Amino acid sequence: VIFSEEFTLQPKAPAEPTAGMLAGRLLALMEEHQLSRERVIGLGIAVRGICSADGRTVCDSFGALAEENFPLCQRFEELTGFPAVMSNNVRALFAAQMYLSRDRAEGAQFFLRCEYGIGASLSVDGQIWSGVTEQCAEIGHIPVIPRGGKPCSCGKSGCLETIASPSAMREDALAQGEPIEALQATSA
């Protein structure tokens with residue numbers, strides 16, 4: 001890793017200015033760390049939500065970006081001059097895990113990530129499977145509450161993510177009126 005930087009975007013960030021800001025920051029970091037353009041073969045972009053089958057467009061970022069069907073790869077290519085590819089964030093993490101793993105990738109593997117929400121990915125014989133709708137293994141967005149339930153970032157309500165994700169559990173604990181520190185002390 002030559003450089004790394006993290007920052008939080010506001011929910012429903014406007015896509016165009018956000019892409020511009022991120023691309024500008026990337027180019028600035030390259031300059032700060034004296035990384036020449038010749039050493040960069042391309043950009044890999046990981047986004048939450050649903051990407052187009054060709055991996056060029058964010059179809060639905062589940063509230064991360066304000067707009068749907070935003071051509072994120074094209075914008076990064078125009079703003080930076082580098083070729084870009086894109087994938088769902090959990091699929092990208094799983095691809096990295098498979099690449100770095102010493103295990104043979106025969107049969108089926110299931111990758112589960114619980115952080116803000118619940119994401120998953122599936123591989124069959126070493127190939128990540130996306131399914132016809134590009135939504136294979138989006139288990140966090142399976143409705144588990146038949147009628148009603150909390151609104152989900154995907155636009156539906158009652159999804160698994162709204163009751164079983166770490167952020168949903170934290171929200172429920174805070175709603176009970178007990179400070180998180182008190183809950184942590186009783187579980188220790």
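Among residues of region 75-90 that are under 28 Å from GLU115 (Cβ atoms) and open to solvent by 50 Å² or more (accessible area, probe 1.4 Å), those with a Cβ under 8 angstrom from a residue that is modelled with pLDDT of 95 or more and in a loop (DSSP other than H, G, I, E, B), sequence gap 6+ or separate chain, pair up as VAL85/GLY42. With the requirement that a residue be farther than 17 Å from SER87 by Cβ and crowded, with 17+ Cβ neighbours inside 10 Å, what does region 100-128 give you? Matches in region 100-128: ILE118 only. Restricting attention to region 51-74, the residues that are over 20 Å from GLN10 (Cβ atoms) and buried (at least 20 other Cβ atoms within 10 Å of the Cβ) add up to 2. Hey, could you check region 129-154 for residues that are farther than 16 Å from GLU171 by Cβ and in a strand (DSSP E or B) and say which is least open to solvent (accessible area, probe 1.4 Å)? Here the residue is PRO143. The residue list LEU22, LEU9 contains one member that is surrounded by 10 or more Cβ atoms within 10 Å (Cβ to Cβ), without any contact (Cβ under 8 Å) to a residue 60 or more places away in the chain, assigned to a loop (DSSP other than H, G, I, E, B) and not charged (D, E, K, R), which is LEU9. Here are some conditions: (1) open to solvent by less than 80 Å² (accessible area, probe 1.4 Å); (2) part of a helix (DSSP H, G or I); (3) out of contact with any helix residue (DSSP H, G or I) (no Cβ under 8 Å at 6 or more places or on another chain). GLU31 meets all but one. Which one does it not meet? Unmet for GLU31, out of (1) open to solvent by less than 80 Å² (accessible area, probe 1.4 Å); (2) part of a helix (DSSP H, G or I); (3) out of contact with any helix residue (DSSP H, G or I) (no Cβ under 8 Å at 6 or more places or on another chain): (1).
The values are calculated or read from the model by the stated rules, or taken from the named source; none is laboratory data. Computed from a prediction, not measured in an experiment: that's the story for all the values here. Note that each Cβ is placed from the backbone with ideal geometry, even for glycine, and that neighbours are counted across all protein chains shown. To get the accessible areas, we keep the full protein, side chains included, count just its heavy atoms, and leave off ligands, DNA and RNA. Shrake-Rupley method; radii C 1.70, N 1.55, O 1.52, S 1.80 Å.
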